Amino acid sequence: MTQTIAFQGVPGAYSDLACRAAYPGWTTLPCPSFEAAMAAVREGRADLAMLPCENSLAGRVPDIHRLLPDSGLHVVGEHFERVEHCVLAPPGATLETIRRAHSHPVALGQVLNLLRDMRWQAVIEADTAGAAQLIAQRGGVEDAAIASSLAGEIYGLQVLKRNVEDEAHNTTRFYVMSREAALPPVTAPDCVTTFVFRVRSVPAALYKALGGFATNGVNMTKLESYMLDGRFTAVQFLCDVDGHPDQPPVRRALEELRFFSREVHVLGCYPAHPYRREQAEAAE
């Protein structure tokens with residue numbers, strides 16, 4: 001039976017590309033929002049969801065951190081997808097005939113050199129693949145979309161230029177979500193544990209709560225804070241650490257964290273993506 005993975009966006013979105021790269025042969029299910037993608041998994045219409053959480057240029061993806069704790073789902077994997085923007089246009093168009101470039105505002109912000117050099121007007125659209133769909137429907141030789149090559153294939157557009165992003169390291173990280181937790185064996189190498197926590201309202205609470213990770217030698221790779229319910233005094237943290245929650249150093253660090261926190265919720269433990277090792281080796 002064919003398995004299905006949900007994503008936010010229309011066919012050809014970078015999330016769609018990530019689904020196909022990480023789970024070749026699976027059916028991809030486009031959804032209008034992150035909430036809808038999560039609901040598709042909860043309701044059994046999809047086996048997994050591919051949700052972007054951060055980008056090397058744009059930073060945190062809005063709303064994901066807020067939605068994860070109450071989603072009822074578990075993080076069972078991660079995926080890193082290189083973002084390779086293409087100039088897509090209808091047949092007959094050339095780089096010289098284009099006057100306007102349509103795309104998501106984040107994508108437009110990542111091709112500023114191209115827009116400046118070509119003197120194109122930037123036109124904001126809801127998403128990259130949606131821009132490609134719009135350009136295909138509109139036709140003409142003066143409008144192009146900044147989107148993935150997959151979007152070009154789906155909507156019948158020609159690729160006028162590839163890899164037009166300003167920075168070659170443009171990469172998006174995704175969480176893979178499932179109805180059921182899928183903890184790797186405690187002896188598995190290179191695991192990542194993701195959790196959220198709220199510290200108690202006492203002086204130096206965050207310093208004390210995180211101290212256990214330092215004293216136990218646990219490497220923290222992500223720590224983000226965000227407000228709860230619009231209150232400046234209610235802060236929750238999303239965190240990624242290297243290791244398995246049942247390994248003694250991580251277990252001791254989480255125990256200390258719970259002592260100084262009002263709430264700790266482990267969202268999942270999963271194998272680290274090979275991209276992490278590649279980045280570490282490149283930095284050496």
**Request:** Considering only the range 105-134, state which residues are under 15 Å from SER148 (Cβ atoms) and in contact (Cβ under 8 Å) with a residue 40 or more places away in the chain.
**Result:** VAL106, ALA107, GLN110, VAL111, ASP127, THR128, ALA129, GLY130, ALA132, GLN133
**Residue selected from the range 95-118 under the condition small (Gly, Ala, Ser) and at pLDDT below 95, by the criterion nearest to GLN133 (Cα to Cα)** = ALA107
**Asked** Quick check, is TYR275 in a strand (DSSP E or B), under 26 Å from LEU51 (Cβ atoms) and either aromatic (Phe, Trp, Tyr) or assigned by TED's automatic domain parsing to the domain that holds HIS74 (or both)?
**Response** no
**Item:** Subset of the range 106-126 [farther than 12 Å from CYS86 by Cα and either part of a helix (DSSP H, G or I) or small (Gly, Ala, Ser) (or both)]
**Value:** VAL106, GLY109, LEU112, ASN113, LEU115, ARG116, ASP117, MET118, ALA122, ALA126
**Request:** Would you list the helices (runs of 4 or more DSSP H) that sit entirely within the range 1-69 and hold 1 or more residues that are small (Gly, Ala, Ser)?
**Result:** 14-22, 34-42
**Request:** Name the one entry in ALA188, ALA168 that is among the small types (Gly, Ala, Ser), over 18 Å from ARG100 (Cβ atoms) and without any contact (Cβ under 8 Å) to a residue 24 or more places away in the chain.
**Result:** ALA168
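In the range 133-190, what residues are of a type in the set (Val, Ile, Thr) and more than 24 Å from VAL218 (Cα to Cα)?
Within the range 133-190, ILE135, VAL141, ILE146, ILE154, VAL159, VAL164, THR171, THR172 meet the criteria.
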**Residue ID - surrounded by the most Cβ atoms within 10 Å (Cβ to Cβ), chosen from residues in the range 127-164 that are of a type in the set (Val, Ile, Thr) and in a strand (DSSP E or B)** = ILE146
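The values are calculated or read from the model by the stated rules, or taken from the named source; none is laboratory data. All values derive from a computational prediction rather than experimental measurement. Here Cβ is always computed from backbone atoms with ideal geometry, including for glycine, and neighbour counts include all displayed protein chains.
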